[in-house]
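K.L.:
Can you keep this structure in mind? I'll have questions shortly.
The values are calculated or read from the model by the stated rules, or taken from the named source; none is laboratory data. Nothing here was measured: the structure is a model prediction, and the numbers come from that model. Counting neighbours? That spans all protein chains shown, and the Cβs are built from the backbone with ideal geometry, glycine included.
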């Protein structure tokens, strides 16, 4: 089922990319990014003895963003071509990921939309679809199906309620969150409140789609006076999560807070 759905989405995206822009009114943009580091290693660091210091690393990424609408249906496609290289990449024990934590594989996702181009002992190039989703909106209802990202909670540098596609606190570039394979159903009410139902599918280490590796959540967002509140109930991997989030304007400032309680698989509450 997941393989068939990914092929249909790929076919739709290819049609949009190859068809004449004036016929499809395709909304397109391209972002180029270079990200490099230089690390001066201490004397006891094994990497210094192998490759010297400073350790130099460089990543490059070209992200192509495509959007097209057919009435109430919107196709969302983001394609990235990524190049990784450097001294850290050459270490056999180092995780071969991008410096800015951009995903470089889909082992835990339902759809495998990552494709290697070429790799060597000190470099790797690949391309992947980080967004590949259909979005439908009609009246007070909206449905998103495919690879997409969601942002919940009101945190700034750290957002404990943003469980499903969080940025690590050390990430510098926060233009695009990593997408996951999900189903999102939204209901908007006449008073401005809304209700969202989210399901994120993932694979276990064995490669099977597993409930203990996936997530499901229900979130209500509403207005109370001048403030806003969100209530969340979720099953995230094998843990149960309850959360409340709020925002309240205070003069020219904004008071924000996320409170999250997690019942771990072992039964402990954090």
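K.L.:
Any chance you could count how many residues in region 1-36 are in contact with a helix residue (DSSP H, G or I) (Cβ under 8 Å, 6 or more places away or on another chain) and at pLDDT 80 or above?
P.N.:
1
K.L.:
Follow-up question, since we're still on this one. Return the only residue of 264, 218 being free of Cβ contacts under 8 Å to residues at least 40 places away in the same chain and either surrounded by 14 or more Cβ atoms within 10 Å (Cβ to Cβ) or closer than 30 Å to residue 139 by Cβ (or both).
P.N.:
Within the list 264, 218, the selection yields 218.
K.L.:
Out of all the residues in region 190-210, which are surrounded by 10 or more Cβ atoms within 10 Å (Cβ to Cβ), under 30 Å from residue 140 (Cα atoms) and without any contact (Cβ under 8 Å) to a residue 60 or more places away in the chain?
P.N.:
Those that are surrounded by 10 or more Cβ atoms within 10 Å (Cβ to Cβ), under 30 Å from residue 140 (Cα atoms) and without any contact (Cβ under 8 Å) to a residue 60 or more places away in the chain: 192, 193, 194, 195, 196, 197, 198, 199, 200.
K.L.:
Here is a follow-up. Just checking, how many residues over region 239-261 are more than 22 Å from residue 184 (Cβ to Cβ) and surrounded by 11 or more Cβ atoms within 10 Å (Cβ to Cβ)?
P.N.:
Residues meeting the conditions: 9.
K.L.:
Can you give me the number of residues within region 84-117 that are surrounded by fewer than 18 Cβ atoms within 10 Å (Cβ to Cβ) and modelled with pLDDT of 85 or more?
P.N.:
Result for region 84-117: 7.
K.L.:
So residue 72 passes all but one of these: (1) buried (at least 16 other Cβ atoms within 10 Å of the Cβ); (2) at pLDDT 85 or above; (3) out of contact with any helix residue (DSSP H, G or I) (no Cβ under 9 Å at 6 or more places or on another chain). Which condition number does it fail?
P.N.:
So residue 72 meets the others, but not (1).
So that you can scan it fast, the table gives a plain yes or no per residue for (1) in contact (Cβ under 8 Å) with a residue 24 or more places away in the chain; (2) buried (at least 19 other Cβ atoms within 10 Å of the Cβ):
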site: 119; (1), (2): no, no
site: 145; (1), (2): yes, no
site: 157; (1), (2): no, no
site: 163; (1), (2): yes, yes
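K.L.:
Determine if region 192-200 includes at least one residue that is more than 25 Å from residue 80 (Cα to Cα) and either at pLDDT below 95 or not in a strand (DSSP E or B) (or both).
P.N.:
Within region 192-200 (the criterion being more than 25 Å from residue 80 (Cα to Cα) and either at pLDDT below 95 or not in a strand (DSSP E or B) (or both)), the answer is yes, since at least one residue qualifies.
K.L.:
Given the criteria without any contact (Cβ under 8 Å) to a residue 24 or more places away in the chain, within 15 Å of residue 153 (Cβ to Cβ) and in a strand (DSSP E or B), does residue 242 qualify?
P.N.:
The answer is yes for residue 242.
K.L.:
In contact with a strand residue (DSSP E or B) (Cβ under 6 Å, 6 or more places away or on another chain), closer than 20 Å to residue 235 by Cα and assigned to a strand (DSSP E or B), is that true of residue 183?
P.N.:
For residue 183, the condition - in contact with a strand residue (DSSP E or B) (Cβ under 6 Å, 6 or more places away or on another chain), closer than 20 Å to residue 235 by Cα and assigned to a strand (DSSP E or B) - is met.
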